[in-house]
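First comes the structure, then the notes that go with it.
Rule-based calculations on the coordinates, nothing more; no lab input. This one's a predicted model, so the numbers in the text were calculated from it and none came from an experiment. Cβ atoms come from the backbone with ideal geometry, glycine included; neighbour counts cover every protein chain shown.
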Amino acid sequence: TISATYANITKSISIDTVATNLERIIIAPGTTSLTTGATLALRATAIFSDNTSTDITNLGRWTSDNLAVLSVSNGGDKQGIVSAIDEGNATIQISYLDVSSQIGLSVSPATLRSISISPQNISLPGNTELDLTATGIYSDGQSRDITQAVLWSSDAPEIASISNTVGKSGNLRAVTTGTTTISASLADLSSSILIEVTDDTIKGLNILFTGESNLAANSQRLLSAIGNYASGATQDLTQQVKWQTSNSEICTISSAATAETAGILTTLASGLCVATASFGEVSSTVLLTVSTAKLEAITLSPTEISLAKGNQQALTVIGQYSDASTQDLTGQVSWQYSSNVSIDKNGILKALSAGNSTIQASLQGFSDEINVEISSASLENIRISPDPLVINEGTSAQLQATGFYSDDSSQDITHTVTWESTDERVASVSNATDYAGRIDALSTGNTSISAKLDGVLATLNATVELNPTAPKSLALSATPYVIRNNGTDQSTISINVLATDNSTLVADGTRINLSIINGSATLDKNFATINAGKAEFSLTSTTKALITIKATVEGTDISNYVSVYSTDNFAEIIAKGVLLQAKVIDDIIQPGSIFGLAIANYANRSFNLNAFKLGTENNLIYSTTAPEDLNNNVLGAGQYILRGWVTEQERENSFWVAYFLQDPVTGVEFNVGIVFTLPSNN
């Protein structure tokens, strides 16, 4: 009985109670199988003795008897969420008011959902090869390389064939002119890309990079490979070339065929880094030096930014190192900023809404910050420059769009506007992130180029003319690209300038200006003069440094770079690898153990290979100078040699193995070797 009293008035009511007990718990859904990476929301319902029920998903306690296979959440409003971690079986249990219920679940491998082939948009000259990569996207959200697992096929193998051979799977070979479709299939799924085979011929490669050629250890640099074709066309082959470095202990480079990873050079230790890009029978090499200098500060620029809403600005982060060198670290820093801006991995800041923001860049404990002011000013006018534009057929030019705003400010909006050409047969203009505003002259004639943003439009007239002898591109090559820093050993730099019309030559007397932008060297001339499309100059140096020379066609922005390494130790450019098949018992080398050393010459300079020797600290064990043992006593450009030694008796001492070489030009002798150390001698 329940009573209530107020102002001397009492009222009572009687309530009959019936005892109900929790009898069982039902877990739903009844699914018993998941794939790795999948999640499943379980629901628990309590059934009472009076046949009533209630949802207790968020009231009970969930557990898993095998957390390595399945986990289950007990937090907040996500209780009962099961996550499949690895293959196997597990029992999920919920307990509530001393009653529990269980469900058994099994986890099977993730299933393949889709296949992606890279690279895409492939155009190859005939008689070249390219390795394709197939990537599988699985039900657990993970990506896996399935190049060797898929079945490759070509709709027209007479145009381009694709290999399914173990170890060569995905190797594409361009045969003859035409187009074909390449497919990769696995588990009832497939993906296809279109391949174009041209009648063009690749003549050379240029490796490009931004920033200085001196790098700090534990840093990264993106290299690009540009192919030069007989027709005069160029193509970005960064994702298609095979990348390699001369010494993986100093630097490594990725050949992964994706835009995110291809050409990324990672430095590991101090020394000379020789990076090579190969495409068919054509290759190119770039030299970089790696130091152990430590990062001491970073600087973020520009120091102050004022933008109108909707515009963008490129940020740059420069690192200052203990050896006084600097390096562009924009792609490596961590960014912090407020919600009215965004910054991508390349440091491009976009103004999203009006207001002020502080931008901070951080790396290895160092940071710098700048202030950004974003206005709500409206765009009133756009100006494109240069205007008017006269450009030679087969060449490119960079346009700039400047925006003028209602608050009397002006900004570079080249990367924000939308570019368009009224006649793309005459000239095309790019909207790509890295090439916004770049115009390519395709054929003679006139076209109108427009830049549009927020309803504001600007145009300019572009005229494409044909001057057959006008310079189109410039290529440089150094022979050799490694010299002795004695002031007399020299490298000869060849210059090749292509004309707009491939059937003719640039005018004789065309001047090429030369400048040293890195390192210290003596040039035999300050400018070179073209004769029959070519010119050359030479350099010497007395310092140990990577020397970078810039050559520019006078009166144009056509330029290129070449690097020469000046050293006091030719052994730096010889890569080495160890052959070891040793059996050691109680710190004693057993008979029949094999020890060997391979060396490779990554320079375009040959050396005399005089001897191969092996010995202990006090004794010479083996030596040969025989031409038949030593590649005719020459280690030529790009050549390698491997020599081994088999022990005939037990040995207790550490020993060394070395090749003895000599530079035939300077007469300098040097050796490349390694010490095999027994555990007891460490």
- prompt: By counting other Cβ atoms within 10 Å of each Cβ, how are T303, T395 ranked from fewest to most?
  reply: T303, T395
field: Signed unit charges on C-beta, dipole axis of the chain, positive-most listed residue N608, N531, G437
entry: N608
statement: In the chain, taking the dipole from +1 charges on Lys and Arg beta carbons and -1 charges on Asp and Glu beta carbons about the Cα centre, the listed residue (S161, Y622, G75) farthest towards the positive end is Y622
message: Rounded to the nearest 20 debye, what is the charge dipole size of segment 600-655 about its Cα centre when +1 sits on each Lys and Arg Cβ and -1 on each Asp and Glu Cβ?
response: 320
message: Which three extents, in angstrom, do the Cα atoms of segment 264-320 have along their principal axes, listed largest first?
response: 50, 33, 13
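Evaluated at 4 °C with a viscosity of 1.567 mPa s, what Stokes-Einstein diffusion coefficient in µm²/s does the chain have when Rh comes from the Kirkwood expression over alpha-carbon pairs? Intermediate results must be reported in sequence, preceding the final value.
On the way: Rh = 31.5 Å.
Result for D is 41 µm²/s.
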- prompt: How large is the charge dipole for the chain, taken about the Cα centre, if only the Cβ atoms of Lys, Arg (+1) and Asp, Glu (-1) carry charge, to the nearest 20 debye?
  reply: 360
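Within the P(r) computed for segment 429-529, what percentage of the Cα pairs occupies the region above 24 Å?
On the way: 2588 of 5050 pairs.
Within segment 429-529, distances greater than 24 Å cover 51 percent of Cα pairs.
Suppose a student asked you for the relative contact order of the chain, using Cα pairs under 8 Å spaced at least 6 residues apart; what percent would you report? Present the calculation step by step, with values, prior to reporting the outcome.
Working: 1793 pairs, mean separation 39.2, N = 682.
Computed value for the chain: 6 percent relative contact order.
If you take the square roots of the eigenvalues of the alpha-carbon gyration tensor of segment 270-361 and sort them as a ≥ b ≥ c, do you get rounded (a/c under 1.5), prolate (a/b over b/c) or oblate?
Working: a/c = 3.76, a/b = 1.76, b/c = 2.14.
In terms of gyration-tensor shape, oblate.
Sort R425, R43 so that the residue with the fewest other Cβ atoms within 10 Å of its own Cβ comes first and the one with the most comes last. Can you show the working numbers first?
On the way: R425 11, R43 15.
Least to most surrounded, the residues fall as R425, R43.
Tell me the volume per residue, in Å³, of the convex hull enclosing the alpha carbons of segment 202-291.
Working: hull volume 7.4 nm³, N = 90.
Hull volume normalised by residue count: 83 Å³.
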query: Magnitude of the Cβ-charge dipole of segment 571-681, K/R +1 and D/E -1, about the Cα centre, nearest 20 debye?
result: 300
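Of K168/K583; K309/K345; K242/K345; K544/K613; K78/K345; K309/K452, which sit over 22 Å apart, Cα to Cα? Display every interim value, and only then the final one.
Working: K168/K583 34 Å; K309/K345 20 Å; K242/K345 25 Å; K544/K613 29 Å; K78/K345 33 Å; K309/K452 16 Å.
Over 22 Å Cα-Cα: K168/K583; K242/K345; K544/K613; K78/K345.
Select from segment 547-604 those trypsin sites (Lys or Arg not before Pro) which occupy a DSSP coil region and have at most 13 other Cβ atoms within 10 Å, ordered by residue number. Let's see the in-between values first.
Values: sites: K550, K576, K583; in loops: K583.
Answer by residue number: K583.
Looking at the chain, send over the antiparallel percent of its DSSP beta bridges, to the nearest 5.
Once the DSSP bridges in the chain are tallied, antiparallel ones form about 90 percent.
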- request: Give the range of the longest stretch in the chain that excludes all GluC sites (Glu not before Pro) found in loop regions by DSSP and having at most 15 other beta-carbon atoms within 10 Å.
  value: 282-423
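In terms of the ratio Rg/(2.2 N^0.38 Å) built on C-alpha atoms, what value belongs to segment 539-596?
Compactness ratio reported: 2.28.
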Principal axis dimensions, largest first and in whole angstrom, of segment 379-465 by Cα: 41, 23, 18
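Against the 2.2 N^0.38 Å scaling, with N counting residues, where does segment 22-108 land? I'd like the Cα-based Rg ratio to two decimal places.
Numbers: Rg = 12.7 Å, N = 87, 2.2 N^0.38 = 12.0 Å.
So the Cα radius of gyration is 1.06 times the expected 2.2 N^0.38 Å.
For a footprinting-style exposure proxy, rank D557, D131 by other Cβ within 10 Å, fewest first.
Working: D557 10, D131 16.
So the residues, fewest neighbours to most, are D557, D131.
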- line: Under the Karplus relation with 6.51, -1.76 and 1.60 and θ = phi - 60°, whole-Hz ³J(HN,Hα) for segment 618-625, x at Gly and Pro, equal 10, 9, 8, 8, 8, 7, 9, 10
